[in-house]
Amino acid sequence: MRKALRWLLSLVVLIGTMGAAGVTAGAATAAGPEAGTDIKDQVLAIPGMSLVEEKPYPGYRFFVLNYKQPVDHRQPWKGTFDQRFTLLHKDTTRPTVFFTSGYNVNTSPRRSEPTTIVDGNQVSLEYRFFTPSRPAPADWSKLDIWQAASDQHRLFKALKPLYNKRWIATGGSKGGMTATYYERFYPRDMDGVVAYVAPNDVVNKEDSAYDRFFDRVGTKECRDRLNAVQREALVRRDALEAKYAAYAAENGYTFTTVGSLDKAFEAVVLDYVWAFWQYSLLADCGSIPVAATATDQEIWDSVDAISGFSAYADQGLETYTPYYYQAGTQLGSPDIKQRHLAGLSRYGYQPPRNFVPASIPMQFQPWVMRDVDTWVRNNARHMLFVYGQNDPWGAEPFHLGYGSRDSYVMTAPGANHGARVSMLKDDEKALATARILEWAGVAPAAVKADADKARPLAKPDAKLDRKDVERRQTLRP
């Protein structure tokens, strides 16, 4: 009985502490943002909020912040951690875009495409378990898509009283997946979702769609050229692994997690074709060396430039341990056949388990992606999925069913993993832009009457709108 009372008392105290943001938010909703009070002071008045730094940027206020989150949203009394996010503040009278990359947050001012379209504020959240937003000690069982969606939900509820206009969720790649999962679990939070190049691996063991993609993408000449370099890298394994060993020694790279330099080398080589199409364009095929006449250095340089020989070293894997953990427990991962490497590949496409330290337990949950896929097909509302025609990750996209409403799947011709609304065909670009403006509640009358008149509301800014492409190996979308 005494133990039960202690537990109840702890719970009451914790709910009072953790729920303060919700109580404050509820009170502030009626009054809205406080006129004449600096936005920084208003944000920092939210319980659990702390400032890391403010960086000046013309026309905006930009803050790097921490928000205290429960490690487990189902049992919030069991500890908290600081989750990092950034706030690009324009005006509380404008809509807000909730962005996540699904990885670390960029602490420099950046503006996603939906933010430029609606000319709004942007909240960018670091995904849980990516350092420094990692609980200590780390209970990896608390890294799942529901917990991450609950992080977003709780931060949204805290900020909504200040930013009380409409909200749009967005993200690219794993960030697009994250925005989709957030909508699945908290469909009443956002007024729209723009998910870019979001993979949808419904059945993890069935990956033939990727094989069909690589049989058709680009031109036969380009595919043959890439395959030849990849094959030649394995033919010259001994010579290239000697270079790899010297490169690893020079940079202090180790291979404890993956198991050996040989396994890391092959993982990099097997990423080569995938990574080319993910990050490059058909026009870049001319830069690929002719395998039959290329020197060892030319083969090395091409593979390193496209796949990255540091990727599967312990030091390259460490940052992305949370991603590989999720790929091996819920998200799924591709396994392509690459028949042109028959007789040369020793390991095939290695599973995510090989890229996560053995001390972290993993068990795959096949029902998770099926649940999300079913929900999207039957319940999507105000959702836009944008894919690139030549992006391997688009081989398994999200689909809409009869239950979806005002939702769309669009593909940018010739685009890679960096596909955007601006790359769509003119009619689809206009429609997508018009729907985003409408969802955000800022569509001009002319756009409501004619979608072809839809344009981004914010003026272009080369620095603020710069897309930071991070080279990630194949298993990281």
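Which condition number in (1) open to solvent by 30 Å² or more (accessible area, probe 1.4 Å); (2) touching a Gly at 6+ places or on another chain (Cβ under 8 Å); (3) in a loop (DSSP other than H, G, I, E, B) is the one that Lys157 fails?
(3)
Restricting attention to region 53-72, which residues are closer than 22 Å to Pro137 by Cα and open to solvent by 40 Å² or more (accessible area, probe 1.4 Å)?
Across region 53-72, the qualifying residue is only Lys68.
Would you mind finding the one in Val193, Val197 that is under 20 Å from Pro392 (Cα atoms) and either surrounded by fewer than 19 Cβ atoms within 10 Å (Cβ to Cβ) or of a type in the set (A, V, I, L, M) (or both)?
Of the residues listed, the single one that is under 20 Å from Pro392 (Cα atoms) and either surrounded by fewer than 19 Cβ atoms within 10 Å (Cβ to Cβ) or of a type in the set (A, V, I, L, M) (or both) is Val197.
I'd like the full set of residues that are of a type in the set (A, V, I, L, M, F, W, C) and under 11 Å from Val376 (Cβ atoms), limited to region 178-199.
Val193, Ala195, Ala198
Being of a type in the set (Asp, Glu) and open to solvent by 40 Å² or more (accessible area, probe 1.4 Å) is the filter; apply it to region 227-252 and report the residue that is farthest from Val269 (Cα to Cα).
Only one residue fits best here, namely Glu250.
Only one of these conditions is not met by Gly316: (1) surrounded by 16 or more Cβ atoms within 10 Å (Cβ to Cβ); (2) in contact with a helix residue (DSSP H, G or I) (Cβ under 7 Å, 6 or more places away or on another chain). Which number is it?
For Gly316, the exception is condition (2).
Would you check which residues across region 73-104 are within 30 Å of Pro137 (Cβ to Cβ), open to solvent by 20 Å² or more (accessible area, probe 1.4 Å) and not in a strand (DSSP E or B) and list them?
Result: His73, Arg74, Gln75, Pro76, Trp77, Lys78, Gly79, Ser101, Asn104.
So how many residues does region 408-463 have that are open to solvent by less than 10 Å² (accessible area, probe 1.4 Å), assigned to a helix (DSSP H, G or I) and in contact with a strand residue (DSSP E or B) (Cβ under 9 Å, 6 or more places away or on another chain)?
Of the residues in region 408-463, 4 are open to solvent by less than 10 Å² (accessible area, probe 1.4 Å), assigned to a helix (DSSP H, G or I) and in contact with a strand residue (DSSP E or B) (Cβ under 9 Å, 6 or more places away or on another chain).
Quick check on region 311-345: of everything there that is in contact (Cβ under 8 Å) with a residue 12 or more places away in the chain, in a loop (DSSP other than H, G, I, E, B) and of a type in the set (A, V, I, L, M), which residue is farthest from Gln230 (Cα to Cα)?
In this case the residue turns out to be Ala313.
Considering only helices (runs of 4 or more DSSP H) fully contained in region 261-310, which possess at least 1 residues that are open to solvent by 20 Å² or more (accessible area, probe 1.4 Å), closer than 27 Å to Ala415 by Cβ and not charged (D, E, K, R)?
Where helices (runs of 4 or more DSSP H) fall fully within region 261-310 and carry at least 1 residues being open to solvent by 20 Å² or more (accessible area, probe 1.4 Å), closer than 27 Å to Ala415 by Cβ and not charged (D, E, K, R), they are 272-279, 296-306.
Tell me whether region 145-154 contains one or more residues that are among the small types (Gly, Ala, Ser), at pLDDT 95 or above and closer than 23 Å to Leu437 by Cβ.
no
What pairs come out if I take residues in region 253-271 that are under 8 Å from Asp314 (Cβ atoms) and pair them with residues that are modelled with pLDDT under 95 and open to solvent by less than 10 Å² (accessible area, probe 1.4 Å) whose C-beta lies under 7 Å away, six or more apart or interchain?
Matching pairs, first to second residue: none at all.
Keeping to region 391-414, report how many residues are in contact (Cβ under 8 Å) with a residue 60 or more places away in the chain and hydrophobic (A, V, I, L, M, F, W, C).
3
Tell me, please, whether a residue that is in contact (Cβ under 8 Å) with a residue 12 or more places away in the chain, outside any helix (DSSP H, G or I) and among the aromatic types (Phe, Trp, Tyr) can be found in region 202-221.
no
Scan (1) in contact with a Ser or Thr (Cβ under 9 Å, 6 or more places away or on another chain); (2) over 15 Å from Thr86 (Cβ atoms) for the single condition Ser124 breaks and write down its number.
Of the numbered conditions (1) in contact with a Ser or Thr (Cβ under 9 Å, 6 or more places away or on another chain); (2) over 15 Å from Thr86 (Cβ atoms), the odd one out for Ser124 is (2).
Going through region 259-285 one residue at a time, which ones are in contact with a Leu (Cβ under 7 Å, 6 or more places away or on another chain) and β-branched (Val, Ile, Thr)?
Val269, Val273
In region 163-220, which residues are touching a strand residue (DSSP E or B) at 6+ places or on another chain (Cβ under 6 Å) and among the polar types (S, T, N, Q)?
Hits for region 163-220 are Thr170, Thr178, Thr180.
Looking at Ser133, Ser101 in this structure, which one is of a type in the set (Gly, Ala, Ser), at pLDDT 95 or above and more than 30 Å from Pro444 (Cα to Cα)?
Ser133
If you take the residues of region 359-383 that are in contact (Cβ under 8 Å) with a residue 40 or more places away in the chain and among the β-branched types (Val, Ile, Thr), which of them is surrounded by the fewest Cβ atoms within 10 Å (Cβ to Cβ)?
Ile360
Give the residue, chosen from Ser124, Ser112, Ser141, Ser133, that is closer than 30 Å to Pro366 by Cβ, surrounded by 21 or more Cβ atoms within 10 Å (Cβ to Cβ) and of a type outside the set (A, V, I, L, M, F, W, C).
Ser133
For Leu475, which of the numbered conditions (1) modelled with pLDDT of 95 or more; (2) within 20 Å of the chain's Cα centre (by Cα) fails to hold?
(1)
How many residues does region 84-105 hold that are under 23 Å from Asp38 (Cα atoms) and in contact with a helix residue (DSSP H, G or I) (Cβ under 8 Å, 6 or more places away or on another chain)?
10
The values are calculated or read from the model by the stated rules, or taken from the named source; none is laboratory data. Predicted model only: the values in this text are computed from it and were never measured. Cβ atoms come from the backbone with ideal geometry, glycine included; neighbour counts cover every protein chain shown. Protein only, heavy atoms only, side chains kept; ligands, DNA and RNA dropped before computing areas. Shrake-Rupley method; radii C 1.70, N 1.55, O 1.52, S 1.80 Å.
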